[in-house]
Every structure is written in C-alpha cells, then in structure tokens.
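The values are calculated or read from the model by the stated rules, or taken from the named source; none is laboratory data. What you are looking at is a predicted structure, and each value in this text was computed from that prediction instead of being measured. Virtual Cβ from ideal backbone geometry, glycine too; neighbours counted across all protein chains shown.
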Amino acid sequence: MSMNRRTFVRTAGAAGAVLGADIGPALRRLYAFGQTAELSHVEARYYKRLPDREVECDLCPRRCRLGDKERGYCGVRQNDGGTYYTLVYGKACSVNVDPIEKKPFYHVLPGTDALSIATAGCNVHCKFCQNWEISQARPEQVQAFDLPPKAVADTAAKYRCPTIAYTYSEPTVFYEYMYDTSVEARRQGIRSVVVSGGHINPEPLEALIKVVAAIKIDLKAFNEDFYKTYVRGELKPVLEAVKIIAKSGTWLEIVYLVIPTLNDSVEDIRKMSRWILKDVGPDVPVHFTRFHPMYLIKNLPPTPISTLEKLRQAALEEGIRFVYTGNIPGHEGENTYCPQCRKMVIERRGYEIVRNDVRQGTCPSCRTRIPGIWA
Amino acid sequence: MGTATVVIVRGKGVVPRLGQVEPKLVAAMYERGLRILFGQSDAAAGLRTIFSPSDRVGIKVNAIAAPELATPPEVSLPLARLLASAGIREKNIAVWDRTNRELKDARYRLNAEGDAFRVMGTDTAGMGYPGEPVTHLNIGSLFSAIQSSFVTASISLAILKDHGMAGITAGMKNYFGAIHNPNKYHDDHCDPYVAELFDAPAVKSKHRLTVLDALVVQYHRGPSYHPRWAEPCGALVFGLDPVATDAVGGKIIEDLRKAKGLPTLEEDGRPPLYLRSAERMGLGTASLQNIRIIEDTV
C-alpha cells in the first residue's frame, strides 16, 4: 500500500481496525452500539498514595485527590483500591497518518508524515474544543483498539513515518502510553512529537522531554480569565511548562487559536510576544490559527482573516521571528521567511509543502540559521 | 401538602448487617413514606398523582461504588413494583445508570427488552449519548438517551453519601450519571454545576420524585466506601422538592458527623454550596427552617 498524505490507516498489524479523525464524525461518534470498550488497568505514574485508599494525582496541576473508584477530571485515570491506574494505556481511539504540518509543526521535518494517535480524555474542558468527541469523552464512550507501544512504533515504521505524534485529545492524560511509545519508537529510530495544552506538572514534563523530539503547546490565551472561563484551566502552569521545554532544548512551537471577541486582543498578543521573547526566545514559531464554530461555542463566526493578519503583524513587530497564520490555505502567512534577508525559504499550501529551500538548516540566500529539526 | 415536605421513614432491622437489606421491610418503608408524602390512602394512589399510565418512568440509581455502596436491587425493584401497581406498564419502567458493568457489579440482572422491567446502562444497544452536546448555563454535555429520549418521567433514587468535593451527593447530583462528562463538573465544590445540570430541560422537565437511600450512610470520606464511617441508618427519604430532599439528606449527614465528633462539612471546607445555588435558581427550598420534615418508623 503506498502511503500518501492523510492516508487513513486501516490496519495496524495485529491491532485490527483503527478509527481516525479523517474518516468523519459518523464513525467517531460516542459509543452507542452495545459493546463496551475494554479498559486498560496499568498502574499510573506520578501519584501519591494517601490514607484510606485515597490517591493524589501528580501528573497535572489539578492534583485530583480521589477516593476509591473515583476518576480524575480527565476521566481516564482511576483509583482502584488505593492504586491509581490509567485506563487508556495502549487503547488508541484515533490513529491516522497526517502531514506533520497538520499538527501544526512547521519547523520539524517539513513534508513528512506523522503517525498520529490519541486516546480518550483531557484534563481541561475547552468550550471550543475541535476534537471534543474524543477529548471530552470517557474511555468507555469511544471505540478504542489495542495498540500497545511496540505496535505503534511498528506501524509508524511500516508506513515510513519518521515521527509519531501524540495529538487530537490531550496526551498528558495518556502519559504512560505516550512515554513508553516514545521510548520504543526511539529504539526504532522514530522521533516522537507532542501536541499538548501544556497542563502538566514539571516532574513528568522533565522526564517526557528527554524522550521526545518536539512539543507543540496550545496557548489558549494570554490571560487567566479566559483560561478560567473557557478552558477550565490555568494559564500560569502552562507558561511554566513552556519555559521548561524551551530551557531543555526540545523543539517547541506555540499555537494560538484566535477566537473572535474572546482572545483576539492585540494588546494581549503584544504582551504574550514580549513574554515569549523574554522567557522563551525569538526563534519559537508562533502560529495564529483560525477558529471555526465548534462544540459549545457555535454562536461566533470563523475568525476574520484580517484579525489573524493583525495579530501576526503585532507578534512580528514585537520581535518574534517566525510567525504564521493557520487554517487559511494559500495565505502568505503559511510560508517560512528568512528572518535576515526576508526571502521565502518554505512555501506551503495548506498541509502541502510546495517548496522547501532550507539547506542544512540555513537560508540558501544569506546562510542565516533557520532553527528547527530539518533532518 | 406543600412541596417543601420531606419524609424520613426508618425501618427497624432493615439493615441486619452491612451489605444486607431486608426487602420486605424496604417495601413497607416505601408504602409508608409515599403514603405520607402524598397524603393518599396508599403509595400507588400517591404515585398516580405524578405519573400517568402512559409514562415511561426512569429510576436513576447510583451504582458507581458497587457493590458496597450502590443502590441495590432490593431498594430499586420495590419502587418499580409500586409504579407498576400504580398502572405503569413494567416494560415502561427502567432502572438505569451509566453502564451495564456498574449495574452488574451492583448485582442487577440486566434486561433491555420484553415486557419486564428494564434494567440497563446507557451503554445498552440503542441508547448511548446521541446527538450534539446540549448547552445549558455552564453545562455542555451529551445526555444519556435513557434520560433524554426513553423516559418521560424520572425518579432520582440516590445513595446518600458524604462527598469530598460537593459536600454531599444525593438526589440532584445523581443526575451527573445522566451525562457523558460528569468528571468536568467537580470543580468549585461541584457548584453551580449540580444545580445547573438539574435545571437543564432533560432533567427538570422530567424529574418527579426524589428518594434517598439512607439505609447505610457514608457520612465521612465519601463518596468511596469506608466501613468505619458507614452508618446503618436504615432510612429512606422521600421528597417532591429535589432541593429540600437533598437538604434533609445533608442534615442527616451533618447529624451523623456531629454524633461521631467530626467537624461540620463547612468546617471541613466543603459545604454543599449547590443547595443554595439551586434555591436561588428556583429549583426548591434549601433552608431547613422552611422544610417540614416528617419522620416515621416501620
């Protein structure tokens, strides 16, 4: 089988059929067919045992304290008799081969495919979630398939994907599965990339960044009120996570979904850009992506292109060197320009690479370094 | 009789020991409690004042902490039989919860077809969580088809428990089991989410009656089962006002905590704030001084 972009993986060795975002919502709908997806029962990492069979989860800033048989906010980690378990280890509910630009990573192996996987669950509750059918579901409510770490790595190798992306829902909640898959994939020469909201505690994050190549953080806004109201999370720990990743040297990109009237303040974007410059550095790519009405926010229109252009311009003016617009195929903001000579070095159209002139990580014209993972 | 009347019926010997219930006594407690609540000659006559023979009635149980602390068949099936005696066809009476697995753990025999009582989880074939998410105030959820489509009228038959976040879990919070994402509504003491979920049309327009299973009350470190803080109270609590019934449930827990030398829920940092929110939203009466509590013993 030849593997083109956006190919839906129909089989994965012994794993059987797998479902994915590309096959449409009809087959991704919440489980209602009379079968029960089998849950995993693998002991979780990063938790404390407390008296009376209680546990405290140390994976994310929520630090859920749970009695026996209770689940965390994420819905996929459960206290069972005083031991904390992940219910989604090896239970992928979405598996696709996607262009890596779809994640989006623009400075990681452009033009290659990423085997992209997810399980159910998320540790926040964004009212604008684009993948709510799986992220806001409990594992019993989605169809999932046995795809243990080695099978994921084998599948990526089989389809010549140089990366595995943990994406769609929130990979923090399937941390153990992601971590072990990354270790296995690395043995096979396959890199791992993570697409996350960044609600993760420092200790597990510091362990994770040792086994993955790149992390994309969805920065939902640059003010706490937005996080409280529309995300049910906090901005502060996300910024801490971004700083840890940046300091580690693991490749980092930031995506900011621009929602009309809710988080599209130019002033906030200037503040965010100044923070990035100071605490992360000017080389982190920042993507301003277009919102489409979804999940619980259906009363707002798609983001005007002019708004995205305005925010991109503001970030560039503040000194961020690689600023993109997303979800506007064919827009000039999709392309990568040399920050020194301003020549286009990568031309994109949607998820396609039209031209990639980056040579050994440099601009072909002026030899300025273009940061990223290019080979 | 005003709606802010709550009836507590205790059954002498109904819980001979933890984990055991006397079904005949439970049936007698239902008969007594509903008769008092409705002021009718018998329980069936009372039920006929809030249900019609054409209704499909859901009895939403709570099996999450099965088997020790779940609404057992010995408590739900006598209520189903009373509904049948009130003229509702057995196949139109559903004892239900989130999953078949939890119901089985609570010792239920599943049944989703035929002329007998339905006993089923939302993951039963043909049910599930269909459609688009329903948004209501701060709630955004998919509803169980059992609650949104199958039933026309609803009873919350909840286990009364202390709850580490909400303070208490009783009749109103029991409807967390009617949505696909209850884990998203435990912040801020589950407030105002318990009240707002109850206020959603799929719940409020169908809810008719609350019954709290206080046969064994987990008065501390709930909602998990801890035998050292589980008291065999041997009581069922009946109310038409969902807020008042929960408030009385809260009082039972507070009284137990006081008797055992434990701090109040407020002192423990988890007052049941949702009761006040529910009262503000006009869902019922939260103030105990405005609730008439009638107690009886069988």
Check: Here are A:GLY197, A:GLY249, A:GLY189, A:GLY233: which of them is touching an Asp or Glu at 6+ places or on another chain (Cβ under 8 Å) and in the same structural domain as A:TYR106 (by TED's automatic domain parsing)?
Finding: A:GLY197
Next item on the list: Counting only residues that are surrounded by 20 or more Cβ atoms within 10 Å (Cβ to Cβ) and in the same structural domain as A:LYS243 (by TED's automatic domain parsing), give me the strands (runs of 3 or more DSSP E) lying completely in segment A:277-375 with at least 2 of them.
Entry: A:286-290, A:323-326
Note to self: Quick check on this structure: which one of B:ILE64, B:ILE93 is among the β-branched types (Val, Ile, Thr) and modelled with pLDDT of 95 or more?
What the structure shows: B:ILE93
Next item on the list: Go through segment B:198-218 residue by residue and tally those that are within 14 Å of chain A (Cβ to nearest Cβ) and in contact with a Lys or Arg (Cβ under 9 Å, 6 or more places away or on another chain).
Entry: 1
Margin query: Whether any residue in segment A:65-83 is in a strand (DSSP E or B) and among the small types (Gly, Ala, Ser) is what I want to check.
Written below: no
Margin query: Which condition from (1) in contact with a Phe, Trp or Tyr (Cβ under 8 Å, 6 or more places away or on another chain); (2) among the polar types (S, T, N, Q); (3) touching a residue at least 24 places away in the same chain (Cβ under 8 Å) is the one that B:ASN111 breaks?
Written below: (3)
Item checked: Filter result (acidic (Asp, Glu) and more than 13 Å from chain A (Cβ to nearest Cβ)) within segment B:93-140 -> B:ASP115
Notebook entry, point to check: Within segment B:243-264, restricting attention to residues that are aliphatic (A, V, I, L, M) and out of contact with any Gly (no Cβ under 9 Å at 6 or more places or on another chain), which residue is nearest to B:THR169 (Cα to Cα)?
Noted result: B:ILE252
Item checked: Selection status of B:LYS184, within 9 Å of another protein chain (Cβ to nearest Cβ) and either over 25 Å from B:MET281 (Cβ atoms) or outside any loop (DSSP other than H, G, I, E, B) (or both) -> yes
Note to self: For a quick check of your reading: which strands (runs of 3 or more DSSP E) sit entirely within segment B:1-106 and have at least 2 residues that are in contact (Cβ under 8 Å) with a residue 60 or more places away in the chain, buried (at least 18 other Cβ atoms within 10 Å of the Cβ) and among the β-branched types (Val, Ile, Thr)?
What the structure shows: B:5-10, B:57-60
Note to self: Can you confirm whether B:THR152 is within 13 Å of another protein chain (Cβ to nearest Cβ) and not acidic (Asp, Glu)?
What the structure shows: no
Next item on the list: Can you tell me which residue within segment A:56-70, out of those that are under 18 Å from B:ASP162 (Cβ atoms) and not small (Gly, Ala, Ser), is nearest to the other protein chains (Cβ to nearest Cβ)?
Entry: A:ASP68
Check: If only one of A:ARG77, A:ARG5, A:ARG10, A:ARG28 is modelled with pLDDT of 95 or more and either outside the structural domain of A:TYR159 (by TED's automatic domain parsing) or within 20 Å of the chain's Cα centre (by Cα) (or both), which one is it?
Finding: A:ARG77
Next item on the list: Determine whether A:THR112 is more than 14 Å from every other protein chain (Cβ to nearest Cβ), crowded, with 24+ Cβ neighbours inside 10 Å and touching a Pro at 6+ places or on another chain (Cβ under 9 Å).
Entry: no
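For every residue, the table says whether it meets (1) within 26 Å of A:ARG63 (Cα to Cα); (2) surrounded by fewer than 16 Cβ atoms within 10 Å (Cβ to Cβ).
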position: A:TYR227; (1), (2): yes, no
position: A:LEU257; (1), (2): no, no
position: A:GLU267; (1), (2): no, yes
position: A:SER273; (1), (2): no, no
Check: Going by the conditions given, is A:ASN123 out of contact with any strand residue (DSSP E or B) (no Cβ under 9 Å at 6 or more places or on another chain), surrounded by 24 or more Cβ atoms within 10 Å (Cβ to Cβ), within 12 Å of chain B (Cβ to nearest Cβ) and of a type outside the set (A, V, I, L, M, F, W, C)?
Finding: yes
Next item on the list: Confirm whether A:VAL88 is under 18 Å from A:GLU170 (Cα atoms) and either modelled with pLDDT of 85 or more or surrounded by fewer than 16 Cβ atoms within 10 Å (Cβ to Cβ) (or both).
Entry: yes
Margin query: Condition first: farther than 26 Å from A:ALA375 by Cβ and touching a Pro at 6+ places or on another chain (Cβ under 7 Å). Now tell me which residues in segment A:188-211 satisfy that.
Written below: A:HIS199, A:ASN201
Margin query: Suppose we filter B:ILE179, B:ILE168 for residues that are within 11 Å of another protein chain (Cβ to nearest Cβ), surrounded by 24 or more Cβ atoms within 10 Å (Cβ to Cβ) and over 15 Å from B:MET281 (Cβ atoms); which single one remains?
Written below: B:ILE179
Next item on the list: Select from segment B:201-240 the residues that are part of a loop (DSSP other than H, G, I, E, B) and surrounded by fewer than 24 Cβ atoms within 10 Å (Cβ to Cβ) and list them in ascending order.
Entry: B:SER205, B:LYS206, B:HIS220, B:ARG221, B:PRO223, B:TYR225, B:HIS226, B:PRO232, B:CYS233, B:LEU240
Next item on the list: For segment A:231-253, state whether one or more residues are among the hydroxyl-bearing types (Ser, Thr, Tyr), closer than 17 Å to A:CYS126 by Cβ and within 17 Å of the chain's Cα centre (by Cα).
Entry: no
